[in-house]
1. For residue 177, list long-range residues whose amide hydrogen, built 1.01 Å from N in the peptide plane, is under 5 Å from its own amide hydrogen.
2. Could you compute the FRET efficiency for residue 203 and residue 16, with r as their C-beta to C-beta distance and R0 at 22 Å, rounded to 0.05?
3. Enter the accessible area per residue of segment 100-231 (Å², integer; probe 1.4 Å; all protein chains in place).
4. Shape verdict for segment 131-210, please, from the Cα gyration tensor: rounded (a/c under 1.5), prolate (a/b greater than b/c) or oblate.
5. Keeping every protein chain present and rolling a 1.4 Å probe, give me the accessible area per residue for segment 1-96 in Å².
6. If we sort 82-93, 170-181 on the protection proxy, mean other Cβ atoms within 10 Å, highest first, what's the order?
7. Using helices alone, what [θ] at 222 nm do you get for the chain, with -39,500 (n - 2.57) per DSSP H run of 4 or more residues, divided over all residues and rounded to the nearest 500?
8. What is the packing order of peptides 50-56, 214-220, taking the mean over residues of other C-beta atoms within 10 Å and listing the highest first?
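The values are calculated or read from the model by the stated rules, or taken from the named source; none is laboratory data. These numbers come from a predicted model, not from an experiment. Cβ coordinates were reconstructed from backbone atoms using ideal geometry, including for glycine residues, and neighbour counts include every protein chain displayed. To get the accessible areas, we keep the full protein, side chains included, count just its heavy atoms, and leave off ligands, DNA and RNA. Shrake-Rupley method; radii C 1.70, N 1.55, O 1.52, S 1.80 Å.
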Amino acid sequence: MKPKFKQISPLICEFEWESNVSDQLLREQLGLKSAVEKDFSTELCELRMGFKTLSVLFSKPRIDFEIKNWLETFSLEKSTHSLPEKIWEIPVCYASETGRDLESLAKTKKISVEEVIALHSKPLYRLHFYGFLPGFMYLNGLPEILYTSRKSVPDREVPVGSVAIGGEQTGIYPSSSPGGWHLVGQTPIPLFNPTLDIPVFAEVGERIEFTPITFQEFERLKRNPKPPKFR
């Protein structure tokens, strides 16, 4: 299904899908993104992805019917993008010292802390886009039983590396910041380095696997951080 087109301003347009968030939808988004980059290469300032959207910022005003006509000729079937197979292994310490909301979340769900950990660390999560903070990964694949509305009163400070649940997604805070997601653990692995040409290690479409570690392992890796592994 082709996305809907919306003109936000003379410089900004947005494509929006009505499909459920899935690997197939991500393939379609990446296919459309590649086509926009190719066909409007001289006029692009920025492309931003959401779970169901692709927003385009042009360097000069565009007339909406020009983009609509282009979309009519666009072949979604021919442009569907393949997803990478790389899986990144992220060590996570699920403990009261590193996940301040772990126990309260377990009580809310009426399951044990051990069950929360097992459920959260079992899936291979798909990276759909970066947002909110530089390097903040929005991951799809959270088990439905762990879906939890964001906090009505956000925390003033969330520690760097915190692994959290917000709504139907899970993610990792790449830096210390305020936040309204429920903190279930923390990784000692650095996620974002603005001094590098490519400041993040994972590309959109790659997968993330959380590997539980002890608090002692967390402290050791925090003192001597290592880059994430992949397979």
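1. The answer is 158.
2. Rounded to the nearest 0.05, the efficiency is 0.45.
3. 52 Å²
4. Oblate shape, in that a/c is at least 1.5 and b/c is the bigger or equal ratio.
5. 54 Å²
6. 170-181, 82-93
7. Dividing the helical sum by the residues of the chain leaves -7000 deg cm²/dmol.
8. The densest-packed peptide leads the list: 50-56, 214-220.
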